[in-house]
Amino acid sequence: METSQTIEKTMLLLQTLAENERSTAAEVTRALEVHRSTTYRMLKSLVQLGFVDHQEESGFYSLSSKMGDLLHPKSSYTWLSEIVSPYMEEFHSKVNETLHLAVLKNNELCYLNKWESSRSLRVVIQSKAGGFAPLHCTGLGKMLLSGLDSQELKEILPRLTLIRFTKNTISELDTFRHELLTIQKRGTSYDNEEHEEGVCCISVPLVDKEGKTVAAISITVPGVRFTQKRKAELLDEITSIGHKISKDICNLEKN
């Protein structure tokens, strides 16, 4: 394929992803009218460059936050990371467990930052800044969904595919709705080995001055260390941090 044709096809590929929010390689191939090997090669290059995200579990491709920041630099989450990072770095140095900051983007959980544990026994999660993860079986995902209003939930829930990853994954829609109501009342979300066996998580919301959830933070711990005592200790600490960050977000909005 000549250089000019390659550029045209690349732009058409990006346009396809932008219009559909997310697409499979087969859908992109049909839109580009090229051989599937060409599509996979182009997608692989864009993923490596960080402009496209690939969710291996579902096979979907979507534009990354890097592409969004390139097109709309003022809408990036740099400001949020700057507020959150000092608190999470201090928390990380204290507990040495894996921490995350995430937002809801294109009806998926999008990681903004990750602070990984250096313990010999630690949770190894295939997560990275700009990457995506399921909403229904992660502490962060459920926390972000619970922060939506009833109309937003009504629109997004039918679009979710409640894939069962473990025996603890909630795969029934009515049960999942009840779970979100519980999280709304409690103000805390848990992943009790729902996405990966042996992996547990606590997540709390970050809210603005109107009380709307703008992001969520989490701590992920191996199940063997997630005792009731440790769970209570970590819950107190991450809840306190969430309140402090939310206060800073509200103060920023006032200025």
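The values are calculated or read from the model by the stated rules, or taken from the named source; none is laboratory data. All values reported here derive from a predicted model rather than from experimental measurement. Here the Cβ positions follow ideal geometry from the backbone for every residue, glycine too, while neighbour counts run over all protein chains shown. Just the protein is used for accessible areas: all its heavy atoms, side chains included, with ligands, DNA and RNA removed. Shrake-Rupley method; radii C 1.70, N 1.55, O 1.52, S 1.80 Å.
Couplings 3J(HN,Hα) of the stretch 209-215, computed from phi: 5, 8, x, 8, 6, 9, 6 Hz, in residue order, whole Hz [Karplus 6.51 cos²θ - 1.76 cosθ + 1.60, θ = phi - 60°; x for Gly and Pro]. Charge tally for GLU21 (other residues, Cβ to Cβ under 12 Å; Lys, Arg +1; Asp, Glu -1): -1. For the chain, the 222 nm mean residue ellipticity estimated from helices alone, with every DSSP H stretch of n ≥ 4 adding -39500 (n - 2.57) and the total spread over all residues, rounds to -15000 deg cm²/dmol.
In this structure, the amide hydrogen of THR98, modeled 1.01 Å from its nitrogen in the peptide plane, lies closer than 5 angstrom to those of SER117, VAL123, THR220, counting only residues at least 5 positions away or on a different chain. In this structure, the amide hydrogen of THR166, modeled 1.01 Å from its nitrogen in the peptide plane, lies closer than 5 angstrom to no residue at least 5 positions away or on a different chain. Across all directions, the average flat footprint of the convex hull enclosing the Cα atoms of the chain is 15.0 nm².
Give, as a single signed number, the net charge of other residues whose beta carbon lies under 10 Å from the beta carbon of SER58, with Lys and Arg counted +1 and Asp and Glu -1. Net charge around SER58: -2.
A simple rule links phi to the HN-Hα coupling: the Karplus curve 6.51 cos²θ - 1.76 cosθ + 1.60 with θ = phi - 60°, which for the stretch 99-104 gives 10, 9, 10, 8, 10, 8 Hz, with x for Gly and Pro.
Residues of the stretch 185-255: accessible area per residue at 1.4 Å, in Å²? Kindly include the intermediate steps, with their values, before the conclusion.
Numbers: 3500 Å² over 71 residues.
Per-residue accessible area for the stretch 185-255 comes out at 49 Å².
Amide H contacts under 5 Å for ASN113: LEU101, restricted to partners 5 or more places along the chain or on a different chain, H placed in the peptide plane at 1.01 Å from N.
Quick check: net charge around THR166, other residues with Cβ under 9 Å of its Cβ, Lys/Arg +1 and Asp/Glu -1? Once positives and negatives cancel, what remains is -2. In the chain, the portion of solvent-accessible area held by carbon and sulfur atoms comes to 50 percent [1.4 Å probe, whole percent, DNA, RNA and ligands not counted].
Couplings 3J(HN,Hα) of the stretch 232-245, computed from phi: 5, 5, 5, 4, 4, 5, 6, 5, 4, 5, x, 5, 5, 5 Hz, in residue order, whole Hz [Karplus 6.51 cos²θ - 1.76 cosθ + 1.60, θ = phi - 60°; x for Gly and Pro].
The long axis of helix 3-20 is offset from the longest Cα principal axis of the chain by roughly 40 degrees.
Go through LYS167/LYS229; LYS154/LYS231; LYS114/LYS247; LYS114/LYS209; LYS167/LYS212 and tell me which ones have a Cα-Cα distance over 29 Å in this structure. Flagged as over cut-off: LYS154/LYS231; LYS167/LYS212.
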